[in-house]
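See structure below.
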Amino acid sequence: MNGIAIMAIALVALIAGYILYGKWLERKWGVDNNRKTPAVEINDGIDYVPTKGQVVFGHQFASIAGAGPINGPIQAAVFGWVPVLLWCLIGGIFIGAVQDFSSMYASVRNKGRSIGIIIENYVGKTGKRLFLLFVYFFSILVVAAFSDIVAKSFGVSAAASDAINHSNSQVACTSTLFIFVAVAFGFFIKYKKPGTALNTTLSIILLIACVALGCLFPFSLTIETWMILVFIYILIASVAPVWALLQPRDYLNSYLLIFMILAAVVGIFVSNPPMDLPAFSGFYTSAGSLFPILFVTVACGAVSGFHSLVSSETASKQVEKESDMLPISYGAMLVESLLGVIALVAVGAVAAGGVIPAGTPQQIFSSAVSGFLLKLGIPGDISYTLISLAVSAFALTSLDSVARVGRLSFQELFLDKEDDEKNLPAWKAVLTNRWVATIIVLVPSYILAQVGYAEIWALFGSANQLLSVLALAAVAVYLKKAKKENKMMFVPMFFMLAATVCALIQLIFGNIRTFGQSATVSVVGQTMQIVLGVLLVALAIVVVIACCKKLFGKDEETAKA
């Protein structure tokens, strides 16, 4: 099969999924624009800020679209292109997008509170604390992995070629300019309140200016220096008001990311690349067995637990009216599934004789998409730099979002719903201070980042999918208490539970068998994977059991719908 046929199938399926299934969920759950959202009702100017739908979509999409939808499908392509395509489409429409939408819906209906607080309200304090502890450890994993990816995407090293170092320097300069421009743009939006047309025009002009200046005036710093700078940036970004940096930076980046996706789709239809991969390689491959490995490897291209944190921790606090929730959450996830399909077509286009070429998934993706764009008349070196910039933007935009999520989760770990946050005991006031909580997330993340993302990616992927199980279970309980339809949550929840627990158990025992003998993972990395793997499985199983007792037990109370 060729690229055009695969893209056509994906576009039809995803659009149909949004119109038919997404809109059906919206009707079932009673989305109502007459209700005040938490952003409008609370509006504290820091986390709760009513914002136009397209801006929140930009934040949501830029935050959730990390390296996963590119890395995952390319790595999973060893099973053949058919299983990956089917999982991106079926998983995206019926599991990933449902999780994202339901998490945002439940949060908006609960004063913009996180999944952890929802668990406290409808499951109990113990379940909430265990969930938040899971999220805290998970946030450390994500910050460590993505900060290492960003630093290596920006920094220069003696081991890399001159061309790669030059491209990294251009990407680093452009990304740095993005941050400063975003701050100015944030103040402009807040105080001038421009219309959508002016917003869009300015965004495109600023984006082009940053890319041009970044390519003309690249600057070189080592990977180690960038690692320090990235963590300083995360510290500031995760405590700053969302309107000052998070929203405008994600909004600007979303244009770059969407341009990359649209250009890639057009490039595929123009070049019609062949799919030089087998349709199905067998149940067992070099990567392991199709179940469960495929379902935790594709990750963000089909479902990602991290999305539930963005939906309920940051984006839900910015939703201006309830009808914005479906395009922001369900829609953004389907666009990410489309990106996963593009990555699949990309690896199929550059494969030779059914063999995936050497190189990182980002390099494979950038090389293939720049080849597609060459058919549109865009020079290969320019398009390669632009695509590399977009891929780096995916990781960078996820970083400050997950750091903010980790900070909020750590704060909530010590807060009960009856607490008066203005009159807390001294120890609680210190631990829930946003600067202190952020540092407590970032210090272990920085230490872990020195190990390298390659050594923790497998654990991150499995933990990420397991988090989706916890989110689905929590929302299912809320929907039951709110007298809303929740049966659509059951199959996704139990399927993902089986896949992720099996994958984590394989990971734990695999590291135990090869402890100290691995050529690619250090003893420190293996120890970390074993300890965190056991901890995450234990926490998740306890939370799921607690949720299931409420889910399938006798009704005790009714939630406010």
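The values are calculated or read from the model by the stated rules, or taken from the named source; none is laboratory data. What you are looking at is a predicted structure, and each value in this text was computed from that prediction instead of being measured. Here Cβ is always computed from backbone atoms with ideal geometry, including for glycine, and neighbour counts include all displayed protein chains.
Starting from residues that are of a type in the set (S, T, N, Q), in contact with a Ser or Thr (Cβ under 7 Å, 6 or more places away or on another chain) and in a helix (DSSP H, G or I), keep the ones in segment 285-323 and report whichever is nearest to residue 494 (Cα to Cα).
Of segment 285-323, the ones of a type in the set (S, T, N, Q) are 285-286, 289, 297, 304, 308, 311-312, 314, 316, 318, 323.
Filter again for in contact with a Ser or Thr (Cβ under 7 Å, 6 or more places away or on another chain), leaving 304, 308, 311-312, 314, 316, 318.
When the remaining residues are screened for being in a helix (DSSP H, G or I), the result is 308, 311-312, 316.
Values: 308: 17, 311: 21, 312: 21, 316: 26 Å.
So, considering only residues that are of a type in the set (S, T, N, Q), in contact with a Ser or Thr (Cβ under 7 Å, 6 or more places away or on another chain) and in a helix (DSSP H, G or I), the one nearest to residue 494 (Cα to Cα) is 308.
Condition first: surrounded by 15 or more Cβ atoms within 10 Å (Cβ to Cβ) and among the aromatic types (Phe, Trp, Tyr). Now tell me which residues in segment 156-203 satisfy that.
Of everything in segment 156-203, those that are surrounded by 15 or more Cβ atoms within 10 Å (Cβ to Cβ) and among the aromatic types (Phe, Trp, Tyr) turn out to be 178, 185, 188.
Give me a count of the residues in segment 497-546 that are more than 21 Å from residue 304 (Cβ to Cβ) and not aromatic (Phe, Trp, Tyr).
Residues flagged as more than 21 Å from residue 304 (Cβ to Cβ) and not aromatic (Phe, Trp, Tyr) within segment 497-546 amount to 26.
Which of the numbered conditions does residue 231 fail, given that it passes all the others? Conditions: (1) under 25 Å from residue 369 (Cβ atoms); (2) touching a helix residue (DSSP H, G or I) at 6+ places or on another chain (Cβ under 8 Å); (3) surrounded by fewer than 22 Cβ atoms within 10 Å (Cβ to Cβ); (4) hydrophobic (A, V, I, L, M, F, W, C).
(1)
Which residues, taken from segment 411-429, are surrounded by fewer than 24 Cβ atoms within 10 Å (Cβ to Cβ), in a helix (DSSP H, G or I) and touching a helix residue (DSSP H, G or I) at 6+ places or on another chain (Cβ under 6 Å)?
Let us first name the residues in segment 411-429 that are surrounded by fewer than 24 Cβ atoms within 10 Å (Cβ to Cβ), namely 411, 413-429.
Those still in the list that are in a helix (DSSP H, G or I) too: 411, 413, 426-429.
Of everything in segment 411-429, those that are surrounded by fewer than 24 Cβ atoms within 10 Å (Cβ to Cβ), in a helix (DSSP H, G or I) and touching a helix residue (DSSP H, G or I) at 6+ places or on another chain (Cβ under 6 Å) turn out to be 411, 413.
Give me a count of the residues in segment 1-43 that are closer than 19 Å to residue 338 by Cβ and among the β-branched types (Val, Ile, Thr).
Step one: filter segment 1-43 for residues closer than 19 Å to residue 338 by Cβ, giving 1-23.
Checking which are among the β-branched types (Val, Ile, Thr) leaves us with 4, 6, 9, 12, 15, 19.
Qualifying residue count for the region: 6.
For residue 527, only one of the following conditions fails: (1) without any contact (Cβ under 8 Å) to a residue 24 or more places away in the chain; (2) polar (S, T, N, Q); (3) under 27 Å from residue 25 (Cβ atoms). What is its number?
(3)
Which one of the conditions (1) farther than 28 Å from residue 390 by Cα; (2) without any contact (Cβ under 8 Å) to a residue 40 or more places away in the chain does residue 16 fail to meet, given that it meets all the rest?
(1)
Select, from 37, 51, the only residue that is crowded, with 19+ Cβ neighbours inside 10 Å, touching a strand residue (DSSP E or B) at 6+ places or on another chain (Cβ under 7 Å) and among the polar types (S, T, N, Q).
37
Select, from 182, 163, the only residue that is in contact with a helix residue (DSSP H, G or I) (Cβ under 6 Å, 6 or more places away or on another chain), at pLDDT below 85 and not β-branched (Val, Ile, Thr).
Details: 163 fails: in contact with a helix residue (DSSP H, G or I) (Cβ under 6 Å, 6 or more places away or on another chain).
The unique qualifying residue is 182.
Part of a loop (DSSP other than H, G, I, E, B) and farther than 19 Å from residue 151 by Cα, is that true of residue 218? Write out each step before concluding.
Details: part of a loop (DSSP other than H, G, I, E, B): yes; farther than 19 Å from residue 151 by Cα: no.
Considered against the rule, which asks whether it is part of a loop (DSSP other than H, G, I, E, B) and farther than 19 Å from residue 151 by Cα, residue 218 comes out as no.
What is the one condition in (1) assigned to a helix (DSSP H, G or I); (2) within 30 Å of residue 90 (Cβ to Cβ); (3) more than 22 Å from the chain's Cα centre (by Cα); (4) not acidic (Asp, Glu) that residue 531 does not satisfy?
Tallying (1) assigned to a helix (DSSP H, G or I); (2) within 30 Å of residue 90 (Cβ to Cβ); (3) more than 22 Å from the chain's Cα centre (by Cα); (4) not acidic (Asp, Glu), residue 531 fails exactly one: (2).
Is it the case, given these coordinates, that residue 170 is touching a residue at least 12 places away in the same chain (Cβ under 8 Å) and within 18 Å of the chain's Cα centre (by Cα)? I'd like the intermediate steps shown before the answer.
Numbers: touching a residue at least 12 places away in the same chain (Cβ under 8 Å): yes; within 18 Å of the chain's Cα centre (by Cα): no.
No; evaluated as a whole, the condition is false for this residue.
From the residues in segment 66-120 that are of a type in the set (S, T, N, Q) and buried (at least 24 other Cβ atoms within 10 Å of the Cβ), which one is farthest from residue 40 (Cα to Cα)?
Going through segment 66-120, the residues of a type in the set (S, T, N, Q) turn out to be 71, 75, 99, 102-103, 107, 110, 114.
Filter once more, so that each one left must be buried (at least 24 other Cβ atoms within 10 Å of the Cβ): 71, 99, 102-103, 107, 114.
Numbers: 71: 38, 99: 24, 102: 20, 103: 19, 107: 14, 114: 17 Å.
It comes out as 71.
So, of the residues in segment 491-518 that are over 14 Å from residue 533 (Cβ atoms), small (Gly, Ala, Ser) and in contact (Cβ under 8 Å) with a residue 60 or more places away in the chain, which turns out to be surrounded by the most Cβ atoms within 10 Å (Cβ to Cβ)?
499
Inside segment 351-363, can you point out the residues that are assigned to a helix (DSSP H, G or I) and either surrounded by 24 or more Cβ atoms within 10 Å (Cβ to Cβ) or without any contact (Cβ under 8 Å) to a residue 24 or more places away in the chain (or both)?
To start, the set of residues in segment 351-363 that are assigned to a helix (DSSP H, G or I) comprises 361-363.
Scanning segment 351-363 gives a single hit, 363.
Criterion first (surrounded by fewer than 24 Cβ atoms within 10 Å (Cβ to Cβ) and touching a residue at least 12 places away in the same chain (Cβ under 8 Å)) does residue 451 satisfy it?
Values: surrounded by fewer than 24 Cβ atoms within 10 Å (Cβ to Cβ): yes; touching a residue at least 12 places away in the same chain (Cβ under 8 Å): yes.
Spelling it out, residue 451 is indeed surrounded by fewer than 24 Cβ atoms within 10 Å (Cβ to Cβ) and touching a residue at least 12 places away in the same chain (Cβ under 8 Å).
If you take the residues in segment 228-259 that are β-branched (Val, Ile, Thr) and within 17 Å of the chain's Cα centre (by Cα), which one is nearest to residue 199 (Cα to Cα)?
Taking segment 228-259 as the starting set, the residues that turn out to be β-branched (Val, Ile, Thr) are 228, 230, 232, 234, 236, 239, 242, 258.
The next check asks that each one be within 17 Å of the chain's Cα centre (by Cα); those that pass are 234, 258.
Working: 234: 26, 258: 16 Å.
Filtering segment 228-259 for residues that are β-branched (Val, Ile, Thr) and within 17 Å of the chain's Cα centre (by Cα), the one nearest to residue 199 (Cα to Cα) comes out as 258.
Quick one: count up the residues across segment 472-496 that are out of contact with any Leu (no Cβ under 8 Å at 6 or more places or on another chain) and part of a helix (DSSP H, G or I). Don't jump to the end; show me each part of the working.
The first filter runs over segment 472-496 and keeps only residues out of contact with any Leu (no Cβ under 8 Å at 6 or more places or on another chain), leaving 472, 474-475, 478-479, 481-484, 487, 490-491, 494-495.
In the following step, the residues that additionally are part of a helix (DSSP H, G or I) were identified as 472, 474-475, 478-479, 481, 487, 490-491, 494-495.
Qualifying residue count, segment 472-496: 11.
Give me a count of the residues in segment 248-284 that are surrounded by fewer than 16 Cβ atoms within 10 Å (Cβ to Cβ), out of contact with any Ser or Thr (no Cβ under 9 Å at 6 or more places or on another chain) and more than 20 Å from residue 365 (Cα to Cα).
3
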